[in-house]
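Asks: First the structure, which I've put down as structure tokens, then a few questions once you've had a look.
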Amino acid sequence: MHPSIFNLRVPLPDDSVFLMNTLTDAQMVVSSDVAALLDAPDMDEADAAAKEAFDLLVDQGFLTEGRDHDRAALTHYLTTMAADTSELNVTILTTLQCNFACDYCFQGDHGDYNKFADKMSIETAAKVATWIEREMDRLRPETLVITFFGGEPLLNLPVMYLLAERLWNSARARNVRLLSSIITNGLLLTEEIVERLVPFGLKGIKITLDGDKETHNRMRPLRGGQGTFDRIIENMRRVAGKVGLAVGGNFDESSFGSYPALLDFLQQEFEGKLAKVHFKPVVRSAEDAGVGMARLSKGSILSLTPVDASGKPVKPLGGTCMTSAGEGIAAPGCDSCHSLDEQMTFLRDETRKHGFNTPDGVHNGPCHVHMKHAHTIGPDGSLYACPGFTGEKHMSTGHIDDRVDPLRGQRRGEFDRLSPWDSCGDCAFIPVCAGGCIAASHATLGDMNTPACHKRTFESAVISLAHQVASIS
């Protein structure tokens, strides 16, 4: 037997060792003697206790028949995951318009962007519902997961209401469980909206707060420069307890220091009322970094690059960080930027210390882009592999009306054949990373099959997870 290539080890202060296998997700805190069995698994002269420990390591996947076995197991895992029909996951962009003027986002109330940004019509929404119903009939999933996204999805309530009510009834008729969530800036959130949607499967709402009041108002103003923090907080107070609330946030080096104060505030105002709190680095386009928002032509495609407080690009992007990207309550959000590792680790630990649930930074994927039955639908009915490609019409993989389009078919084939992890060697993080963020590879490297590596972020997250597990074991 040999140590699995997917093993991770973290020595702990008391001479014990945290073991994790990223393929089986086995996690154990063991003595150093047991950990040593991974390096010399010769049990001929071992006593009963050592043999029992050895059998446990084999059972949990820490000891395997060798590298070829591990690689075959990885292929089986990724193939099975991609073809899984138990869940149909659909992200619906009701509009690309936004009422905020965040300086790090190309969407929003900048120049004439909203004048030209797509907005889903009621007619298209009905066709979206029909397409999803056909997919339920074809796949017969156990669960339908719907995420309303944008732009700002609450700018198109008629479409959201139509889809929520019709899909709830369609799912019930097919004995499919429906879970829906909204990713919103929170400014337009009301009790009436929540009360209208909760009976139709709404489980969670994710709201973005970019630091304490002063910092958030600087980072996420309205077009006229007015602050938005107080109104968002008041809206959160009104709906807390009626639906699951999650808070996300985007930081750069100028705003990072405000997050402990935000956590203090959230603990005071919303203790026990938030399902998840999660922060990640801001990214901006390299050409716009530090010089404000350049005028964008309709259909512009921006390359995203992390920047420091002065607007100077820092390390190469390890993953796309859209302002509100993530899966709300229903699933772990993406945490793929490998910039600002120390700050991310600090904020993750601080969030946990304040009593809030937050992703551990290890269980990040693989991303839905690798799953055949996870889709993003743009306002015009175009299908995309993930929200990171929405708006780039040439990256569309299909359309809800099943139109025959050679370019869309070509793109669908390219996504089906993706395997960036083939370039990752025997990296232990492949099962939870699969080569990183495909949208980031496309935007910054020009090749979706080139890994967007963020190994350093994973390594720091594993150390944090090890100490967390050790503290409760």
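Condition check ((1) aromatic (Phe, Trp, Tyr); (2) surrounded by 22 or more Cβ atoms within 10 Å (Cβ to Cβ)) across all residues:
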| residue | (1), (2) |
| --- | --- |
| 389 | yes, yes |
| 400 | no, no |
| 408 | no, no |
| 429 | yes, yes |
| 433 | no, yes |
| 436 | no, yes |
| 450 | no, no |
| 455 | no, no |
| 464 | no, no |
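Asks: Moving on to the next point. From the residues in segment 415-456 that are of a type in the set (A, V, I, L, M) and within 15 Å of residue 371 (Cα to Cα), which one is modelled with the highest pLDDT?
Replies: 432
Asks: Just a yes or no: is a residue in segment 10-25 of a type in the set (Gly, Ala, Ser), at pLDDT 95 or above and either touching a Ser or Thr at 6+ places or on another chain (Cβ under 7 Å) or within 30 Å of residue 381 (Cβ to Cβ) (or both)?
Replies: no
Asks: In the set 130, 147, which member is in contact (Cβ under 8 Å) with a residue 60 or more places away in the chain, part of a helix (DSSP H, G or I) and hydroxyl-bearing (Ser, Thr, Tyr)?
Replies: Residue meeting the stated conditions: 130.
Asks: I've got another one for you. Might you let me know whether segment 229-241 holds any residue that is aromatic (Phe, Trp, Tyr), within 19 Å of the chain's Cα centre (by Cα) and either modelled with pLDDT of 95 or more or not in a helix (DSSP H, G or I) (or both)?
Replies: no
Asks: Starting from segment 56-74, keep only residues that are part of a helix (DSSP H, G or I), then list their pairs with residues that are of a type in the set (Gly, Ala, Ser) and buried (at least 19 other Cβ atoms within 10 Å of the Cβ) whose Cβ atoms are within a distance under 6 Å, requiring at least 6 positions of separation or different chains.
Replies: 70/4
Asks: Might you check whether a residue that is farther than 30 Å from residue 279 by Cβ, assigned to a helix (DSSP H, G or I) and among the basic types (Lys, Arg) occurs anywhere in segment 161-170?
Replies: yes
Asks: Then there is this: Only residues that are farther than 21 Å from residue 232 by Cα and modelled with pLDDT of 65 or more: list them for segment 87-115, please.
Replies: Hits for segment 87-115 are 87, 88, 89, 90, 91, 92, 93, 115.
Asks: So in segment 194-227, with the set limited to residues that are modelled with pLDDT of 95 or more and of a type in the set (Val, Ile, Thr), which one is farthest from residue 177 (Cα to Cα)?
Replies: 207
Asks: Next question, about the same structure. Does residue 179 satisfy the condition of being among the hydrophobic types (A, V, I, L, M, F, W, C), in the same structural domain as residue 277 (by TED's automatic domain parsing), assigned to a loop (DSSP other than H, G, I, E, B) and closer than 30 Å to residue 251 by Cβ?
Replies: No.
Asks: Please count how many residues of segment 161-183 are of a type in the set (S, T, N, Q) and closer than 23 Å to residue 207 by Cβ.
Replies: 2
Asks: Can I ask one more? Only one of (1) buried (at least 21 other Cβ atoms within 10 Å of the Cβ); (2) assigned to a helix (DSSP H, G or I); (3) among the hydrophobic types (A, V, I, L, M, F, W, C) is not met by residue 245, so which one is it?
Replies: Here residue 245 clears every test but (2).
Asks: Within segment 242-277, can you find the residues that are closer than 19 Å to residue 230 by Cα and of a type in the set (D, E, K, R)?
Replies: 264, 269, 271, 273
Asks: Just for segment 17-48: of the residues that are in a strand (DSSP E or B) and out of contact with any helix residue (DSSP H, G or I) (no Cβ under 7 Å at 6 or more places or on another chain), which one is surrounded by the most Cβ atoms within 10 Å (Cβ to Cβ)?
Replies: Residue satisfying both the conditions and the ranking: 21.
Asks: Could you figure out which of (1) closer than 20 Å to residue 73 by Cβ; (2) over 17 Å from the mean Cα position of the chain (by Cα); (3) not aromatic (Phe, Trp, Tyr) isn't true of residue 433?
Replies: (2)
Asks: I'm trying to understand the selection: among the residues of segment 150-175, which are more than 23 Å from the chain's Cα centre (by Cα), free of Cβ contacts under 8 Å to residues at least 60 places away in the same chain and crowded, with 21+ Cβ neighbours inside 10 Å?
Replies: Passing the criteria: 167, 171.
Asks: Looking for whichever is touching a strand residue (DSSP E or B) at 6+ places or on another chain (Cβ under 7 Å) and small (Gly, Ala, Ser) here; the options are 48, 35. Which one fits?
Replies: Exactly one residue qualifies, and that residue is 35.
Asks: Another question, then. With 448, 371 as the choices, which residue is in contact (Cβ under 8 Å) with a residue 60 or more places away in the chain and either in contact with an Asp or Glu (Cβ under 9 Å, 6 or more places away or on another chain) or closer than 20 Å to residue 147 by Cα (or both)?
Replies: Answer to the check: 371.
Asks: Scan segment 245-271 for residues that are without any contact (Cβ under 8 Å) to a residue 24 or more places away in the chain and either touching a Gly at 6+ places or on another chain (Cβ under 7 Å) or among the small types (Gly, Ala, Ser) (or both) and jot them down.
Replies: Once the filter is applied, which keeps residues that are without any contact (Cβ under 8 Å) to a residue 24 or more places away in the chain and either touching a Gly at 6+ places or on another chain (Cβ under 7 Å) or among the small types (Gly, Ala, Ser) (or both), segment 245-271 yields only 257.
Asks: Just need a number here: residues in segment 39-58 that are modelled with pLDDT under 90 and within 26 Å of residue 433 (Cα to Cα).
Replies: Qualifying residue count for the region: 1.
Asks: Same structure again: Could you give me the residue pairs with C-beta distances under 7 Å whose first residue belongs to segment 210-223 and is at negative phi, whose second residue is of a type in the set (A, V, I, L, M) wherever it lies, and which are 6+ apart or on separate chains?
Replies: 210/219; 212/261; 212/262; 216/209; 221/101; 222/101; 223/101
Asks: Taking segment 154-189 only, how many residues are touching a Leu at 6+ places or on another chain (Cβ under 9 Å) and polar (S, T, N, Q)?
Replies: Residues flagged as touching a Leu at 6+ places or on another chain (Cβ under 9 Å) and polar (S, T, N, Q) within segment 154-189 amount to 5.
The values are calculated or read from the model by the stated rules, or taken from the named source; none is laboratory data. Note that the structure is a prediction, hence the values are computed from the model and not measured. Here Cβ is always computed from backbone atoms with ideal geometry, including for glycine, and neighbour counts include all displayed protein chains.
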